[in-house]
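Step one of this worksheet: look at the structure below.
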């Protein structure tokens, strides 16, 4: 009898602990009362969030330097609204400036932004394109693109899929650049299909999509005891690897990859190139903390890029690491969640717990009911062993 009680308690604690560790929403950091230690309160409109000045990167960062870009007065911000995300693109460089998750709030009560603040101009912005020709890369970064929305600065999609495209043509050099973003393909709210082509006088060039420092969480603030370091994760040949940033930065890694990207306990930025022949490169980056820090400490990020031998066509996942959400995109993407050596036990228990909770609606009672069900299933075996 005592063994069964201990088994029930152990299983309950295991399920509860794993759920809290991997699936519970990130704990809100406690705001400090001192103005010079708290991050500035975000405005009601996420697009108006100011970027702190004088950003710097670590002197030892190995991220490739981006060409210096002077802001163009002709550049516009294009806002994409869906039920789940609020994205802001710039027509200069056709890059992503913000990716707010509407269902997840930061410590100021605003939608959490996966794009880190205080990114130096020397680092490539998310979805910037680069080539082996530095002059072309600089031209593409500085160019103001024509956008498919015309004079409109907003694309509202709700729960529907939609396309936002950018084009740039330079008659003098013969440079033609096309970039296409498809939102919510197949009804997946955090999936973004990205297509990009570069050609010069009709000759196609290899395309590298830069992701810049990824998964910059907005709920970190002064005095918080919580830290969520970025982690590299990719799947190649059916094997999931989580290399250390210092090791992965040595050289680009050849595909094909089922997925490759950067994440932490709760959120993920990952490319899903499938069987395409691509190379993925990771680069550790250090950025200042998003508040006035007298000690001038840095936070570690990881930038990554996806290089294609020709035109690029790569889906990207930018969202929460929820089991069902990841599985709906790609069953293998679930493996970005690090269940550890007991995954064979934890995953079925979590699925069973979620199934029970679908009827009960309370995880506390669901754990108790699941424990009872497990004991009922195991009772015949125990009874036989006793006989």
message = I need the Debye-formula profile for segment 101-154: one equal scatterer per C-alpha, no solvent, reported as log10 I(q)/I(0) at q = 0.18, 0.19, 0.23 1/Å, two decimals.
response = -0.88, -0.92, -0.99
request  = Round to the nearest 0.05 the FRET efficiency obtained for residue 132 and residue 362 when R0 = 56 Å and r is the Cβ-Cβ distance.
outcome  = 0.45
note = Expected sort for 105-115, 232-242, 201-211 on mean C-beta neighbours within 10 Å, highest first, is 105-115, 201-211, 232-242
Virtual spin-label span in nm between residue 242 and residue 338, 7 Å along Cα→Cβ = 0.3 nm
ask   = What span do the alpha-carbon atoms of segment 109-205 cover on each of the three principal axes, reported in whole Å from largest to smallest?
value = 45, 30, 25
request  = Mind sorting 178, 100 by how few other Cβ atoms lie within 10 Å of their own Cβ, fewest first?
outcome  = 178, 100
message = Calculate log10 I(q)/I(0) of segment 77-336 for q = 0.11, 0.12, 0.15 Å⁻¹, where I(q) comes from the Debye formula with a single equal point scatterer on each Cα and nothing for solvent.
response = -0.58, -0.70, -1.13
ask   = What is the extension gain from residue 172 to residue 74, computed as 0.36 nm multiplied by their sequence separation minus the C-alpha to C-alpha distance, in nm to one decimal?
value = 33.3 nm
query = So how much slack lies between residue 146 and residue 355, counting 0.36 nm per residue of separation and subtracting their Cα-Cα distance, in nm?
reply = 70.4 nm
query = Label points 7 Å out from Cα along the Cβ direction at residue 372 and residue 311: separation in nm?
reply = 6.0 nm
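Every number in this text was worked out from the coordinates using simple rules, so none of it is lab data. From a predicted model like this one, the values you see are computed outputs, not experimental measurements. Cβ coordinates were reconstructed from backbone atoms using ideal geometry, including for glycine residues, and neighbour counts include every protein chain displayed.
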